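Peer 1: Below are the structure tokens for one structure; questions will follow.
The values are calculated or read from the model by the stated rules, or taken from the named source; none is laboratory data. Predicted model only: the values in this text are computed from it and were never measured. Virtual Cβ from ideal backbone geometry, glycine too; neighbours counted across all protein chains shown.
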Amino acid sequence: MQWPSEILSAFQRALEIEPAEGFTSEQVLEELLAETARRAVWRAEGDPARLGPSLRWPYTPLGSIVAECVHGRAKRLMLRGEHWGPAVQAFHAHLEANAATVCAAFQDEAEPYDDAV
């Protein structure tokens, strides 16, 4: 999926990424966004009306992928506090505004994860 430039820019300001060998910061960021969408679609069971709430439950899709350093693609991710919240809000707003498109794009790639607290 093609992410809007304002979402990519927001996360570039919000994250300091130290990529693992063989990856670029841009690849890590792209995977962070895509995997978050896959997990959110899984959690929403592919229902666009449930996508928004699926982003915000405890142990969120975004939080889980950050904690995993994007499947080991990053050695380190450092969140820049004053920029992190606005980037996340913009991303969530984008996913919600395009819920049907996001669910359709990631339905076959929906990725389960341990979302239990």
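Peer 1: Being charged (D, E, K, R), under 20 Å from G85 (Cα atoms) and either in contact with a strand residue (DSSP E or B) (Cβ under 8 Å, 6 or more places away or on another chain) or touching a residue at least 40 places away in the same chain (Cβ under 8 Å) (or both) is the filter here; which residues of the range 19-49 pass it?
Peer 2: Result: E31, E35, R39.
Peer 1: Determine if the range 72-87 includes at least one residue that is out of contact with any Cys (no Cβ under 9 Å at 6 or more places or on another chain) and within 22 Å of D108 (Cα to Cα). Lay out the reasoning, then the answer.
Peer 2: Step one: list which residues in the range 72-87 are out of contact with any Cys (no Cβ under 9 Å at 6 or more places or on another chain), which gives 72-74, 78-87.
When the remaining residues are screened for being within 22 Å of D108 (Cα to Cα), the result is none.
Looking for residues that are out of contact with any Cys (no Cβ under 9 Å at 6 or more places or on another chain) and within 22 Å of D108 (Cα to Cα), one finds none in the range 72-87, hence no.
Peer 1: So is E35 among the charged types (D, E, K, R), within 24 Å of A100 (Cβ to Cβ) and at pLDDT 95 or above or not? If you could, list the steps in order and put the result at the bottom.
Peer 2: Working: among the charged types (D, E, K, R): yes; within 24 Å of A100 (Cβ to Cβ): yes; at pLDDT 95 or above: yes.
Answer is yes for this residue.
Peer 1: Taking interchain pairs and intrachain pairs at least six residues apart, which have beta carbon atoms under 8 angstrom, with the first residue in the range 56-72 and within 14 Å of E31 (Cα to Cα) and the second part of a loop (DSSP other than H, G, I, E, B)?
Peer 2: From the range 56-72, the pairs are P61/Y113; P61/D115; S64/Y113; S64/D114; S64/D115; C69/A20; G72/A20.
Peer 1: Scan the range 93-117 for residues that are under 15 Å from the mean Cα position of the chain (by Cα), acidic (D, E) and part of a loop (DSSP other than H, G, I, E, B) and jot them down.
Peer 2: Passing the criteria: E111, D115.
Peer 1: Just for the range 76-98: of the residues that are small (G, A, S) and closer than 14 Å to T36 by Cβ, which one is surrounded by the most Cβ atoms within 10 Å (Cβ to Cβ)? Walk me through it before giving the result.
Peer 2: Kept after step one, since they are small (G, A, S), are these residues of the range 76-98: 81, 85, 87, 90, 93, 97.
With closer than 14 Å to T36 by Cβ added as a condition, the list becomes 87, 90, 93.
On the way: A87: 22, A90: 17, A93: 13.
Going through the qualifying residues, I end up with A87.
Peer 1: Would you check if L51 is out of contact with any Gly (no Cβ under 8 Å at 6 or more places or on another chain) and closer than 21 Å to S5 by Cβ?
Peer 2: no
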